[in-house]
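First comes the structure, then the notes that go with it.
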Amino acid sequence: STWTISTARANSPTHAWYANDIATVSDQRLISPTIALPGSENPITLQFQNWREIEASTGGCYDGGILEVSTDGSIFTQVPDSAIFAGGGYTGTVSDQFGNPLQGLLAWCGNTPRPFTAGPVRVDVSNYAGQNVQFRFRLGTDSSTSHEGWYVDDISVSSCSAGNDVIFADGVDGP
């Protein structure tokens, strides 16, 4: 794995996680600490910034990055498709040529125009409410061309409480 802290393309303030898109077959993994998701708040959202220069193919990916989730720390499953992404979903399918271990999966690949201009990726993880989870970022590469790689920054999990609306607690409404 080439995941490391980098200052080359940080969104804020000065560091980002970085994996190099190398020219050999690899399965590079960055795993979060365990996160206790609240059980009574909705929605629960994982959000992160990402910048990439990852080898694309016509209509898909030769190399690609994916997001996975685990509730037991050992079995990780891919966040399945752009249906649960509120923004920044996968951009193509990983080719079955040249040995990429993520072949056939939807992934992020290609280039973002400038660092972090595409906006954050937002993933609804409300299905895991009340559970302890870990997230895993995986970059799979094949045996051909290398590119700069994948930067991930500003990773956060947030939720909303369904508490009382104290703004209008006295019954006063606006004009």
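In the chain, the DSSP beta bridges split such that about 100 percent are antiparallel, to the nearest 5. Taking only Cα atoms and a 10 Å spring cutoff, compute GNM fluctuations for the chain and point out the largest among 160, 109, 61. So, out of 160, 109, 61, the one fluctuating most is 160. Computed over protein heavy atoms with a 1.4 Å probe, the accessible surface of the chain works out to 50 Å² per residue. Summing Cβ point charges (Lys, Arg +1; Asp, Glu -1) relative to the Cα centre of the chain gives a dipole of roughly 320 debye. Taking other residues whose beta carbon is less than 13 angstrom from the beta carbon of residue 90, and scoring Lys, Arg as +1 and Asp, Glu as -1, yields 0. Highest mean first, the peptides 1-12, 43-54 sorted by other C-beta atoms within 10 Å per residue fall in the order 43-54, 1-12.
Take the chain, connect every pair of alpha-carbon atoms lying under 10 Å apart with a spring to form a Gaussian network, then pick out the residue of 154, 142, 63 with the largest mean-square fluctuation. Maximum fluctuation in the GNM of the chain, among the listed residues, is at 154.
All other residues whose Cβ lies under 11 angstrom from that of residue 140 are scored, Lys and Arg at +1 and Asp and Glu at -1, for a net of -3. Near residue 6: Cβ cut-off under 15 Å, other residues only, Lys/Arg at +1 and Asp/Glu at -1. The net charge is -3. Peptides 96-102, 72-78 ranked from most to least packed, by the mean per-residue count of other Cβ atoms within 10 Å: 96-102, 72-78.
The values are calculated or read from the model by the stated rules, or taken from the named source; none is laboratory data. Keep in mind it's a predicted model, so treat the numbers as computed, not measured. Positions of Cβ are backbone-derived with ideal geometry, glycine not excepted, and every protein chain shown enters the neighbour counts. Protein only, heavy atoms only, side chains kept; ligands, DNA and RNA dropped before computing areas. Shrake-Rupley method; radii C 1.70, N 1.55, O 1.52, S 1.80 Å.
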